[in-house]
Structures are given as C-alpha cells and as structure tokens.
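The values are calculated or read from the model by the stated rules, or taken from the named source; none is laboratory data. Remember, predicted model here, so these are calculated numbers, not experimental data. Methodologically, a virtual Cβ is constructed for each residue, glycine included, from the backbone with ideal geometry; neighbour enumeration extends over all protein chains shown. Just so you know, the surface numbers come from the protein's heavy atoms only, side chains and all, with ligands and any DNA or RNA stripped out. Shrake-Rupley method; radii C 1.70, N 1.55, O 1.52, S 1.80 Å.
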Amino acid sequence: MKSFQEIEITVYRGVKDRIGHLSTLHDFLTNVDVSAIAELRLCTDTERKRQIKMSLPQATISGVFSPTRSAENLVRHSGLICIDIDRKDNEHIENFDTLIEDVLSRIEEVAYAAHSVSGKGYFVIIPLRYPQLHKAQFEQLVRVFTDMGIYIDRACGDVCRLRCQSCDEHPYINIDA
C-alpha cells in the first residue's frame, strides 16, 4: 500500500460540488477545519447540523473521479475502501465507545480508524487486494464484520461514496495494513 501522503483521491467542497479536485488522502485526513466539526458535534438543531455537514469537505476515498463524481467516471481506484460503523446500527455493542481500541486496532487489514464527523460513529479505511472487484470485496467485508457482531453501513459499497471530513485526536493508523 502506498503511504497516505501518496494516495490520490478526489476532494469536494461540500456535498453539492460534483467536480472536485485532486488531492491526497493525507491532506484530506489532516487539513481539517476543527472548529466547524466542533460546532457540528455541539449543535442541537438538526437542520443546522445538516447544513454544517453538507458544507464540509467531502472525499471519494476509493479513487479519483473525472469529470464528475459517478461510478462510470472512475479514473483511478485508490486501492482503498472506507466503511462506516454507526452507533444506531450497533446499539447491541456494549463497548462501542472504545471500539477502535478494543476491536478495530486488532484487525490487521484496518489501515485507519477514526470517529466520524458526528462523533457518534466510526469510519474505517481498509486496503483492497483487488480494487477492480470493489463491490464484491465490500460484500465480503459486510460478512466478516457481521460475523464479529458489527454492522456496517450498506451504502459504503458504492465506489463513489462520499466521506465527510472529520477529526479525531487519536486516530488509529496502521501503515502495514
């Protein structure tokens, strides 16, 4: 796997941006407007939370897309997939607040795990052995995580799925995934 500094992805200036610009995974994960994310996490107004989230940078972790973001416009797969683990789908997990430390960091295929933008879930980046079989590998990940008692968001199988920028003071990083 290339280093995070080298992996190219497309980053968008909010949800409504369909064209985006070329960037690196490293820049997307580290050049973050922490104040906007803190505002979103503290906000109690549902509509305002939605507005903040929609305005934050978004990225297609699984690749570079041009001229617009759609599966048929995939220029180059990054070799990665990003999955979401939401609290609402995993209320049965007693140690959900320590899922990174207790479970995700022990899975050798996990390259990166951090809190999602809401702070109530996680996003997990996993290298794919066969990027050309993106959807099939996603389905296998669904089975593997379900066997562990963890339910992942089914929408994450879409190669052009957007990932909202987030921040986590202590993300899990495994460069040898």
Going through the stretch 161-171 in order, the residues found to be surrounded by fewer than 18 Cβ atoms within 10 Å (Cβ to Cβ) and modelled with pLDDT of 95 or more are Pro171
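Rundown of residues vs (1) out of contact with any Ser or Thr (no Cβ under 9 Å at 6 or more places or on another chain); (2) among the β-branched types (Val, Ile, Thr); (3) more than 25 Å from Val124 (Cβ to Cβ), yes/no style:
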residue	(1), (2), (3)
Ile19	no, yes, yes
Leu22	no, no, no
His26	no, no, no
Val32	no, yes, no
Ile37	no, yes, no
Thr44	yes, yes, yes
Arg48	yes, no, yes
Gln51	yes, no, yes
Leu56	no, no, no
Out of Tyr112, Tyr130, Tyr122, which single residue is crowded, with 19+ Cβ neighbours inside 10 Å, aromatic (Phe, Trp, Tyr) and more than 16 Å from Gln58 (Cα to Cα)?
Tyr112
Mind listing whichever residues of the stretch 111-126 are under 12 Å from the mean Cα position of the chain (by Cα) and not small (Gly, Ala, Ser)?
Tyr112, His115, Val117, Tyr122, Phe123, Val124, Ile125, Ile126
If a residue has to be open to solvent by less than 30 Å² (accessible area, probe 1.4 Å), touching a residue at least 40 places away in the same chain (Cβ under 8 Å) and more than 11 Å from Val117 (Cα to Cα) to count, how many in the stretch 20-57 make the cut?
4
Take the conditions open to solvent by less than 20 Å² (accessible area, probe 1.4 Å) and free of Cβ contacts under 8 Å to residues at least 24 places away in the same chain and apply them to Phe138. Does it pass?
no
